[in-house]
Structure formats: structure tokens, C-alpha cells
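Below is one structure, written out as C-alpha cells, with a few remarks after it.
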Amino acid sequence: MGGSSAIAAFAYGVPAINLEPVSVITGPGNIYVAAAKRVLRGTVGIDSEAGTTEILIIADSSANPKFVAADLISQAEHDEAAAAVLVTDSISLADSVRAELEVMLPKTQNSARAAIALGSQQSALVLVDDIQSAVRFANFYATEHLEIHTRENEKVLEKISNAGAIFLGEFSPVSLGDYLAGSNHVLPTGQQAKFGAGLGVHTFLRAQQVVEYSRFGLEQIADHAVDFSEAEGLPAHGQAITARFEH
């Protein structure tokens with residue numbers, strides 16, 4: 001059992017096999033897995049929908065078109081619905097990357113699948129006026145995987161606010177994050193990087209808030225709390241405080 005069926009089983013339990021409902025479900029998958037996690041959000045905790053893979057590459061004229069093309073193909077081979085996007089301010093680079101794709105794509109094992117992904121509406125070569133515009137585009141797009149191939153990678157990085165995982169420079173392909181680099185492979189997709197983060201220890205932790213006042217401490221703030229309760233039209237809130245000082 002796997003995919004959306006397994007997610008349903010974990011969320012609701014399966015008495016026949018003594019499977020109890022769980023509290024949190026994590027992990028990536030295809031569009032059906034992502035849809036199942038969306039439906040069950042609130043029934044169980046989820047990390048993110050982590051759907052079909054995405055890569056966005058910010059590159060200027062200094063980028064190596066062969067490296068850029070290879071990285072686009074590497075993610076496009078995942079799924080026909082995978083998104084592979086290059087954002088550049090260099091027409092020359094865009095043309096060179098397109099040429100490299102035409103050479104490299106037929107040689108890859110999953111060329112048919114990758115070709116569909118690269119040729120579909122979710123993938124694109126995007127020309128912008130400058131790298132600042134590329135950064136704005138990237139922050140709006142909020143991609144799962146972001147690569148930066150520019151003359152000033154660190155400066156570009158400082159301006160990125162929305163991305164699941166960021167790979168700096170021409171020798172840091174997304175493939176490293178998939179297998180060896182140590183960054184988590186379970187990352188937000190579908191613009192969820194605007195408000196979510198990749199899977200981590202924090203996914204399985206919950207903060208609990210504990211409040212304790214002494215009599216003296218409560219006396220010091222009682223009037224302020226009562227003022228708030230009256231302003232809000234909930235006087236019983238304030239009375240729950242003043243009752244503690246009535247004799």
C-alpha cells in the first residue's frame with residue numbers, strides 16, 4: 001500500500017491490521033499524494049503538500065549553459081508535471097541553454113518524460129531586465145529548489161526570502177540535495193515556501209505555553225486585564241480575575 005491510499009490509512013487507521021491513526025504524516029509524492037495531504041490537513045498534521053518537483057534557476061551571462069541545462073533536465077525527469085524554469089537577464093544564455101537542452105535531452109534515459117515536462121506550460125525560459133527582477137520573480141514563484149548561477153551569488157542569496165532549498169553556484173546542483181548534501185529532500189512546492197519550510201526535527205515538535213502568576217503578580221496587572229475585558233465586551237473575563245481578591 002502506498003500513495004494516497006496509505007495516507008488515508010495512516011490518517012484514519014485500519015482496525016483489521018491494528019493500525020492506529022497517527023498524528024503527523026510527512027513525505028513527498030505526486031499530485032495525488034499532495035491532494036490527499038491537502039484534504040487531510042486538520043485531521044492530521046502534515047509537513048507540507050510536497051508535490052511534483054520544481055526547480056527554478058536564476059542565472060546571468062556568467063553561467064555555464066551546459067550546467068544549467070543539465071540541472072533543468074535532472075528535475076524534469078521526475079515527472080511529466082515537473083516544473084523546470086530558468087530566469088535570466090541574458091538572451092545569449094537563454095539561447096545557449098535551449099541549444100544544450102536540444103543536444104542533451106535525447107541522450108537521457110527518461111528523455112520522453114523529461115521532454116513532456118520541459119515542453120509543458122509549467123516550465124519556461126523567462127527573460128527579465130536584470131537580476132533584481134529575477135529575484136522578485138523567484139520570491140513570487142517560491143520554488144521548491146532554487147539554484148543561483150551569477151557573478152554575485154551571495155548578494156543574490158541575501159535577497160531571497162521564499163525557497164524550499166537554495167543551491168549556490170555552478171558546482172552545487174540540486175542532485176546533491178536529493179542524495180548527499182544533507183539538506184532535506186522533503187520540501188514545500190506550489191508556492192508553499194512562502195509560508196512553510198522543509199521537513200526537519202521541528203516538524204515533529206510542538207511548543208506548549210505555560211502561565212503561572214503569584215498573587216502579588218496578578219495584583220499588579222489585574223486592573224489592566226479588567227480594562228481589556230471591558231473594552232472587548234467580555235466582562236466575565238475580568239470578573240474571573242477580580243474574584244480572586246474578593247473577601
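The values are calculated or read from the model by the stated rules, or taken from the named source; none is laboratory data. Everything numeric here is computed off the predicted structure, so don't read it as measured data. Virtual Cβ from ideal backbone geometry, glycine too; neighbours counted across all protein chains shown.
Here is how the numbers come out for the structure above:
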read-out: Filter result (out of contact with any Leu (no Cβ under 7 Å at 6 or more places or on another chain), buried (at least 17 other Cβ atoms within 10 Å of the Cβ) and part of a loop (DSSP other than H, G, I, E, B)) within the stretch 130-164; value: A142, T150, N162
read-out: Unique match (being touching a residue at least 40 places away in the same chain (Cβ under 8 Å), surrounded by 18 or more Cβ atoms within 10 Å (Cβ to Cβ), not in a strand (DSSP E or B) and not acidic (D, E)) among A70, A117, A36, A94; value: A117
read-out: Qualifying residue in the stretch 46-54 (condition: at pLDDT 95 or above, in contact with a strand residue (DSSP E or B) (Cβ under 9 Å, 6 or more places away or on another chain) and assigned to a strand (DSSP E or B)); value: yes
read-out: Given (1) in contact (Cβ under 8 Å) with a residue 24 or more places away in the chain; (2) surrounded by 16 or more Cβ atoms within 10 Å (Cβ to Cβ), index of the condition I46 fails; value: (1)
read-out: Those residues of the stretch 165-187 which are within 14 Å of the chain's Cα centre (by Cα), in a loop (DSSP other than H, G, I, E, B) and without any contact (Cβ under 8 Å) to a residue 60 or more places away in the chain, in sequence order; value: S183, N184
read-out: Among (1) surrounded by fewer than 12 Cβ atoms within 10 Å (Cβ to Cβ); (2) not in a helix (DSSP H, G or I) - the single one D227 does not satisfy; value: (2)
read-out: Total residues in the stretch 13-33, condition of a type in the set (A, V, I, L, M), surrounded by 13 or more Cβ atoms within 10 Å (Cβ to Cβ) and within 21 Å of the chain's Cα centre (by Cα); value: 3
